[in-house]
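Since the structure comes first, as structure tokens, the remarks are kept for the end.
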Amino acid sequence: MAKKINQEHYINRDLSWLQFNGRVLQEAQDVSVPLIERIRFLGIFSNNLDEFFRVRYASIQRIAQIHTKKADRQLGGWNALRLLSAINEVVATQQSLADDIYAELMGGLESEGIAIINETQLTEGQKDFVRKFYIDKVSQSVFAILPVEENPFPELKDKSIYLAVRLVPTLDEENPIYSLIELPSDLIGRFVVLPKYGKQYLMYLDDVLRFNLRYAYFIFPAEHIEAHTIKITRDAELDLDNDVSKTTLEKVQKGLAIREVGNPVRLVYDREINAEFLSYLSQKLNIEAHDSLLPGGRYHNKKDLIKFPNVGRSALEYPKTDPLHHPDLDLDRSILNVIRQKDVLIFLPYHNFSYVIRFLREAAMDPKVSRISITLYRLADQSRVISALINAAKNGKKVRVIIELQARFDEENNIHYTEKLRSEGVEVVPGMPGLKVHSKVVLIERNESVGKIEKFAIVGTGNFHEGTARIYTDYYLMTADKRIVKEVEQVFEFIWAPYTVRKFKHLLVSPQFTRVGLIERIDREIAYAKSGKPASLFFKINSLSSYDFCDKLYEASQAGVKVRLIVRGICCLIPGVPGLSENIEAISIVDRYLEHSRVYWFHNNGHPECYIASFDLMTRNLDFRVEVGIPVYSPNILREIRDHMDILWKDNVKSRRHSKNGENSYRKGKGPKVRAQVEMRHYISTQLKKARR
């Protein structure tokens with residue numbers, strides 16, 4: 001029987017996630033952040049919230065429908081309906097703040113000579129431009145939906161914006177016509193740059209359509225036309241059927257088709273919309289009591305602000321920074337030769353992801369390389385990783401790829417690459433039954449001489465993805481250490497034959513050994529503390545939502561172990577509570593780059609043990625995914641990572657304290673300001689200069 005959850009000891013994971021998104025919103029509010037970057041942070045906030053509703057809110061709704069009076073352990077002891085209410089309250093507050101920030105940012109643009117105008121503010125010359133732009137660029141992609149009462153209401157797409165159009169016919173003013181237009185922003189872009197006229201003017205694509213509505217509905221002479229934006233969010237759960245005759249690929253493809261018409265969980269609408277029209281839409285879209293009906297402003301899908309164009313000064317964005325060279329990996333040196341001699345740590349985005357590509361390309365060209373194995377979870381739209389693997393196959397290498405088809409929201413992209421790889425003769429395994437393959441590992445096998453096979457590996461904390469490599473902090477450890485490469489090979493053997501038991505002495509591998517391995521090491525620190533010896537834990541992770549590990553860290557704190565946690569996102573643990581967690585400090589850093597690397601550091605009585613890993617302290621990572629954590633055995637790299645962690649811990653500009661009430665208070669300190677990501681680049685640049693002397 002599962003033990004009862006004491007709500008006083010934990011923060012609900014969903015409310016904690018909303019606190020994280022509040023920190024993103026703080027970046028949009030921070031006047032020290034360049035103006036265009038603030039606008040883009042507002043877009044990130046909106047995009048995050050969309051995904052939250054598609055996944056978590058929808059999941060809680062399902063729980064509420066099953067047992068509305070029963071608190072679920074997954075919800076931290078919360079009743080599902082009460083949690084939905086609490087979420088809606090927080091979201092409403094955040095959304096109101098986001099609207100205020102948006103208005104402030106638009107004022108900031110005005111002061112920079114940049115103005116966003118609507119269809120009522122156009123000059124005669126601008127009207128001509130907008131009319132011509134609509135005819136030449138937009139009209140071909142505009143299709144009006146006219147619901148017919150006797151037909152099923154059309155399925156509106158998740159993520160899309162619609163103009164809800166109300167026409168009052170000239171000859172029949174008592175019977176307005178309702179219509180919908182899907183905004184073709186994916187094809188055209190959300191923002192239209194108008195010719196400069198003193199100021200630089202921009203316009204939402206929404207307003208370009210509004211200005212041209214009479215052309216779109218020319219067959220309906222109208223006394224009055226009005227249009228307001230709406231957006232629907234659907235349940236994004238990917239339901240896979242149990243038909244054993246179907247492959248995983250077929251099941252995912254079918255699941256994606258079903259997702260397109262998933263149950264609605266949220267309708268966001270312009271609060272100026274006609275009340276009768278709103279009621280009609282709510283009824284037709286089956287928006288129920290548990291769903292979220294949110295009034296908003298004139299514009300929705302603020303996620304498009306992520307791509308807001310800078311039509312002003314370069315100072316309105318962060319300064320452009322190029323990745324730094326790695327001191328061990330010159331262009332004219334073989335990466336495999338370097339790794340034979342020493343482990344190499346790539347630290348993104350401060351180093352260049354191209355080193356990973358070079359590693360794969362060298363293996364693809366090396367006549368003695370016989371096999372390349374890799375796990376892939378998320379990939380760039382134009383992936384050079386895939387190109388390198390195909391090149392290797394064409395060069396006669398045996399290429400084995402495990403590509404996770406159930407990587408949420410990347411399923412279509414991964415299906416595309418699965419089919420492409422297979423067409424080039426690459427052996428592809430689309431994940432594992434019952435487990436997601438979330439590890440980030442590469443294994444190269446090379447026939448050095450008769451009877452002698454060399455092995456090289458990469459184990460990372462983030463995806464092999466060129467796009468996120470520019471904005472996520474992640475580690476990739478390149479190694480030929482026989483202790484490591486042997487066990488990396490066992491990871492691939494486990495994926496190929498999942499019912500074969502494998503034992504790992506060095507790696508932490510989920511689902512069998514990560515939980516046990518971490519608990520053993522925490523217990524070791526507890527034992528040291530109880531015997532009067534120094535004991536400490538220092539973790540950097542994305543999420544801490546496992547109540548079991550919250551309890552284990554509470555136990556460590558009560559034993560006297562000093563615990564420092566850098567948790568970017570969800571943190572269900574409450575630090576600093578007397579008698580429970582007074583020896584635990586927990587912070588979050590949200591800045592220009594997304595802090596994505598995971599590090600687990602154990603004091604070990606003065607003989608530190610450190611792992612970099614693909615997993616967070618979440619039940620799904622520990623028990624329901626294939627994950628890999630790699631020990632850092634190189635003293636130099638161990639020192640580098642510790643220096644990185646210390647720099648992050650000193651941050652008193654972009655770090656916030658985790659707390660039960662979610663205030664997201666900035667962590668202040670005496671002395672000079674330390675912005676960790678700026679200091680990190682300086683540290684790595686200094687290390688490079690020292691290496692070149």
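Overview of results
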| read-out | value |
| --- | --- |
| Cα-based Kirkwood hydrodynamic radius, the stretch 104-178, one decimal, Å | 16.4 Å |
| Residues LEU360, LEU105 arranged by fewest to most Cβ contacts within 10 Å | LEU105, LEU360 |
| Residue exposure sequence - HIS658, HIS596, HIS224 - by fewest surrounding Cβ within 10 Å | HIS224, HIS596, HIS658 |
| Burial ordering of VAL401, VAL193, fewest other beta-carbon atoms within 10 Å first | VAL193, VAL401 |
| Relative contact order (percent, whole number), the chain, Cα cutoff 8 Å, 6+ residue spacing | 12 percent |
| Antiparallel content of DSSP bridges confined to the chain, in %, to 5 | 65 percent |
| Mean Cα-pair separation over length for the stretch 1-112, i.e. relative contact order, pairs under 8 Å, 6 or more apart, % | 33 percent |
| Loop-exposed chymotrypsin sites (Phe, Trp or Tyr not before Pro) per DSSP, neighbour cap 13 Cβ within 10 angstrom, longest uninterrupted part of the chain | 219-498 |
| Label-point separation, GLU427 to ASN310 (7 Å along Cα→Cβ), nm | 4.7 nm |
| Normalised contact order of the stretch 362-487, rounded percent, pairs of Cα under 8 Å and 6 or more residues apart | 28 percent |
| Sum of side-chain charges, ILE161 neighbourhood, beta-carbon under 15 Å (Lys, Arg +1; Asp, Glu -1) | +3 |
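Each reported figure results from applying straightforward, stated rules to the coordinates on display, with no laboratory input. Please read these numbers as outputs of a predicted model, since none were measured by experiment. Because the Cβ atoms are built from the backbone with ideal geometry, glycine has one as well, and the counts that use them run over all protein chains shown.
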